[in-house]
Every structure is written in structure tokens, then in C-alpha cells.
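A short worksheet on the structure shown next.
Laboratory data are not the source of any read-out in this text; all were calculated from the coordinates shown. Bear in mind the structure is a predicted one, so any value in this text is a computation, not a measurement. Cβ placement follows ideal geometry from the backbone for every residue including glycine, while neighbour counts extend to all protein chains displayed.
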Amino acid sequence: MSLLPRPRSLARVGAALTAVAALAATAACSPEDLMATRRGEPTAHATGQVAPAQRGGTLNVLVAGNIATWDPQVMYVGPEAFFAQRTFVRTLTTYGTGDRERELVGDLATDTGRESNGGRTWSFTLREGVTWQDGSPVTCADLRHGVARTFDRSTHVGGTNYASFLLDVPTKVTPEGLEKPAYSGPSDTKNEKAFLKAVVCTGRTITFHLRTAERDFPHLVALPEFAPRRAESKGTEPKGTQSNELQASLDVVSTGPYRLDGDWVPGKGGTFVRNEHWDPATDPIRKAYPDKIVVMTGLTEEAVIERLLNQREGDAQAVSWVKASPTLRNQAGTALQARLTFPYTGSVDYLALNMRSAVMSKAVVREAFALSTNRATYVTATGGEGAGSPTWSVLGPAISQAGLKPPKGARVEGDPEAARRLLVDAGITLPVRIRVVHARSLLIDKAYAALEAGWERAGFEVERTSVKPEDYYKTIEKPSSVKDYDVFRGSWMPDIPSASGVLPALFDARINIDSSGPGQDVGYFDDKAVAALMDRAQATGDPKQRAATWARADALIRERGGYVALAATKVLHVHGAGVLHYDDHAVGGIVDLATVSVR
């Protein structure tokens, strides 16, 4: 069994880590052109329609609402985290740029890690010359201290928590019957020795010892959870007033090309300027073209879009991760169209079928339900092409694995008549009553009404319940939900671009289901054959073989009715005309601050 963190739904934490590649309307320079520009050499773009990247100027970032924290260990994957990781937070590994956005590269580390002990031990060596913003070196102890902070459950109230579940430290059983690490963070001197055996520093090399094999560990250390934290801050995590804790969580101590100039002001933002102690020779990714990056928070979504459309004052040099209305794509004018990008988010909407309910425990009912599901009408009802595209797999286009295919003869609009024949031939009495639950919104209510029409044509009698969004997940994750509903709506975006960030999180009963409820496995899917395939995939070293094994696991889950995928979602972004080489990063999901420039 692979001991992974009890997963979290990214429907609750926003946009995410693994958006699928979609190049911007204004094409980005190639990596070769960017390097040539840095050296002052002519580029192919210099004489073409796309201007070369320019060093200098001010980039404005318009943010709807507020930034909750800049603390790497507390930030969850999403726009703010990706912004931080391209400007002032560096991790052992990161993702490339341009046509290599999905390629993992060494960042603070010289490479993407060295594996031993069958994937249970990973070592990374720090580059020489990487420093904090005051010029002091980033050390192995700093990296280890950052990881240690994620074990402190009193301060680590957000962010990912892979380290505390994967590292080979002793565990204890809580009063609730859950297995948790005995080590509780930097102030835990009693269990510190065990932690130091799991995370070993030898000069500039840091070695992680894991409980089980984890072939995707180099991807995991690209998460902000694994960013360094000054080791001398040990034992000084904020414990004071709420206002002091808030300000401390918004402090910025940089290892990247930008540092915060002055304080961060909640509700207003802050200005990032060049970090004089950042050495581009130690950084293979960040080009840091703008001189300044001004982040303005506390805005409404409507105000952000209005400013980007009208481009007054500095808004021609502005970007944002606010979603614009897809109707903008239908407006005339090539100048506006050139400022629109339409990437996939990496999120997939799906239906989880309750394997323990009286009705959905029948395989033929699950098959008929899936057959009658009209993915096309779901996409249309949630915004048409602006919502994304129908998909057959929860893995989605962002992390498609080898061999994924739709069921033979399947149609995105469903086949209610064939589904009805299937039920009748199996001797199932019609209508078949099913209870469907989903989060409430105008678009989602409309979408599920459209789905309901197809299900009823197939012979299902639908009782549909909508729940306030803020109450939805606590509703379906209650132990009683297994008796209350037959079909659950889900939305998932993985933390890393791998099937290992999707299938175990949603369909491995061993890391989800306990007396407290189903976790993210809300349909109580529990299949030994699937579990064996997931274990085999996580222990397979060869990437192609691993992908093929994940594909078999995904196909088997679908064949056995574990889920019905609906749509891979998209968003529309707007940027100012003075922003050059805009690119919605394939993994980060928003504009890539590593290569963007302004004029």
C-alpha cells in the first residue's frame, strides 16, 4: 500500500496546479530566442510579428479578493503559489518554460533527484551560489527546516501535506483511530531524532527516506511545501495575536529573482523589486524581465476585467488570473482577441457512483447510468465551449496516460434508449429511483436538470438535491451520506501532473475510508484488483510502463462503474496589450512570470 495523504478536493481550494497546455494567442518566444535576447543577440522574433522579450518596465498583477498567505508551507497549489514560485520561492525542482513546460528540471537542486532503495530513497544536491535575499547561502538545513514545519499541526493549517505522510518517521494512532506521524514539528525535541533520520543533510546534499516507493517524489518536491525556510527561525513560528500571525504569514523572504519592497498590505498588495542577491547563473528557468511587479489586491472580479478591457494607465501592462466571461471570445476585433487566452484548467467534473447503495451496487444499473449520461449537454449547460470539453476520464487532457480510450461505441451525448434496453434485458423494474446530490449554483442546477432529462429517458426516476457550496463537501463526506445518496458530483484537480495525483486520491479506499467517512472516495469504491494496479504503478520505475499501468487502473475503475467523467474545464484570461510573450503555463495554470515581459 502506498501511504499517501488523505486527499483534498481542489473544488474547495480553487484553481490549480495541473492545467493542460494551451498556448496563448500571442505566441511566446522559444527558449533559444529568450537566451539569445539575454545575450544581446538577434532573434527570429526580432524581425517578425512578435517582439523579443524586453528587460525592464513594470508588470501589474490584478487580484480579485485577497492573498491569504505568502508562507510557502501554508500556501496551497493554485495561482498565488505559482506566482510565488516564479518570483520569490524556489524549490528543489520546478517546471520548464515554452515547449518544455511539462518537463521537470532541477531548481535549487542540480538535477531532478537520484533514486535508490527501489524508489524509497531520494537525494538532491543544492546548486552552489543559491542565496537568500540578504546574500546568505540557502543550506540543506534550511530545506530540512521547511519540511519540518509541515509536521506542526498547530501552524500547518493549509497547504499540501505529502511530507508528513510519506517520510519514514514513527507513527501513532490518534484517539479517532487514525495513524499520524509522532513527530510534530521543529519544537518536538522528543521525536526530532527520528525526523533527522528520515531527512538527512550531508553537506549540500539532502536525502529523503520514505515509507514506501514513490516514483513521483521529484514532482512532489516542486510543491511549495518543500521550499526552504531559514533554519535559524526554528522554534519562532508565530504564536501571538491573530494580527501578528496574519502579518507573519504575509512576510516574504526571497530565494528568487524578486523581493518584496517594504511590507505587504492586506487588502492593497505590495511591490516586488529585483533581488540583488539572485544570481541568474544558478537559475535555469526564471528570466525576470520586468524590473518591478506590482500586485494589487482587494479588487472585485468585475473591476479586474473592466480594467483589463479598458487598459487605462498601467493596465496595458497588466495580467490577472481572474476568469473572464467566455462571451468575450465572440466579440469582434482582432486587437481584443489577441489579448485573450483559453487554457484548460486541469480540473475535471465527474460523477461518483455509490457502490454501497441498494441501486448502484448493481453493475448493470451503473453501466446503464453511464451510458445514458449526456456529457455534451452538461458542457452546453455550464457555458458551452467556454466551460471546456466532454471527457471520458478523470485524468483529463492535462495528464492523459497511454491507452486511454472511450468505451466502444460511446457517444458524448449519451444513448438513453440503449441504456433503457440494458435495464429491461437485465430484468430491472422501471423506473429506477436514484438520488443525486450536487453543489448549488445557477449554472450547475441548469446542467444537472439537463442531465436528468437524459437519465429519465433511460428509465431512471431522479430525486435531485442541491446543497449550498460551502456545505457541500462536509455533507457528502459525512458517514451518513452512504445511505442518503446514490450519485455524487465531484470536481478534481491534481496537485502534480501525474495519475498518482488523481486515482489513489479518489478511488483508493485504503487511504480514504474509515469510521469518519469516505474521504474523497465518496462513492465508497473499494476494489482489490484496482488497488493492486495502483500499487504496481507507483512501484514501476519506467515512466512509459508506469503510465500504461495507470491507464489500465483508470480503465478498470470506469469499467466497474466507479465514476462517470463529465468535462475537462477551461477558463478565459485577459491580459494587457503591453504584455509580451504571455503564456498560460501548462502546469501552473496562469501566466508564466518566468518569461513574460512588458513594453
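So which of 323/570; 408/544; 446/468; 446/474; 362/483; 180/478 end up more than 19 Å apart by C-alpha? Don't skip to the end; give the middle numbers.
Values: 323/570 10 Å; 408/544 24 Å; 446/468 15 Å; 446/474 23 Å; 362/483 15 Å; 180/478 21 Å.
Among 323/570; 408/544; 446/468; 446/474; 362/483; 180/478, the Cα-Cα distance tops 19 Å for 408/544; 446/474; 180/478.
Where Lys and Arg each count +1 and Asp and Glu each count -1, what net charge lies around residue 341 among other residues with Cβ under 15 Å from its Cβ? Don't skip to the end; give the middle numbers.
Details: positive: 323, 329, 339, 570; negative: 101, 385, 583, 584, 592.
Taking every Cβ under 15 Å from that of residue 341, the sum is -1.
Kirkwood radius, segment 345-570, all distinct C-alpha pairs, inverse of mean reciprocal distance: 17.6 Å.
Taking a point 7 Å out from the Cα of residue 405 in the direction of its Cβ, the residues of segment 506-550 whose backbone N falls within less than 16 Å of it are 548-549.
Of the trypsin sites (Lys or Arg not before Pro) found in segment 302-337, the ones in coil according to DSSP and having at most 12 other Cβ atoms within 10 Å of their Cβ are 312.
Net charge dipole, segment 345-570: roughly 280 debye, given to the nearest 20, about the Cα centre with Cβ charges of +1 for Lys and Arg and -1 for Asp and Glu. The ranking of 152, 508, 111, 425 by Cβ neighbour count inside 10 Å, starting from the fewest, reads 425, 111, 152, 508. Sequence-ordered 3J(HN,Hα) estimates for segment 306-313 from the Karplus curve with 6.51, -1.76 and 1.60 and θ = phi - 60° stand at 4, 5, 5, 6, 8, 6, 7, 6 Hz, glycine and proline given as x.
Of the residues 423, 351, the one with the fewest other Cβ atoms within 10 Å heads the list, and the complete ranking is 351, 423. The trypsin sites (Lys or Arg not before Pro) of segment 111-165 meeting both criteria, a DSSP state outside H, G, I, E and B (loop) and at most 13 other C-beta atoms within 10 angstrom of the site's C-beta, are 153. Expressed as an acute angle from 0 to 90° and rounded to the nearest 10, what is the orientation of the C-alpha long axis of helix 442-457 relative to the principal long axis of the chain? Taking Cα atoms only, the helix is inclined about 30 degrees.
Among the trypsin sites (Lys or Arg not before Pro) found in segment 378-460, those both in a DSSP coil and sparsely packed, with 12 or fewer other Cβ atoms within 10 Å of their Cβ, are 408. Between residue 456 and residue 292, the C-beta separation translates, for a Förster distance of 60 Å, into a calculated FRET efficiency of about 0.55. Calculated from the alpha-carbon coordinates, the chain shows an Rg and a Dmax of 24.5, 76 Å respectively.
Both radii are taken from the alpha-carbon atoms of segment 268-412; with Rh as the Kirkwood radius, Rg/Rh is 1.11. The separation of segment 309-382 from segment 521-592, counted between C-alpha centres, amounts to 16 Å.
The order of 140, 201, going from fewest to most other C-beta atoms within 10 Å of their C-beta, is 201, 140.
The label point for residue 483 and the one for residue 548, both projected 7 Å from the Cα toward the Cβ, are 4.7 nm apart. Between residue 100 and residue 276, the C-beta separation translates, for a Förster distance of 25 Å, into a calculated FRET efficiency of about 0.30. Note: segment 350-421, Cα convex hull, 113 Å³ per residue.
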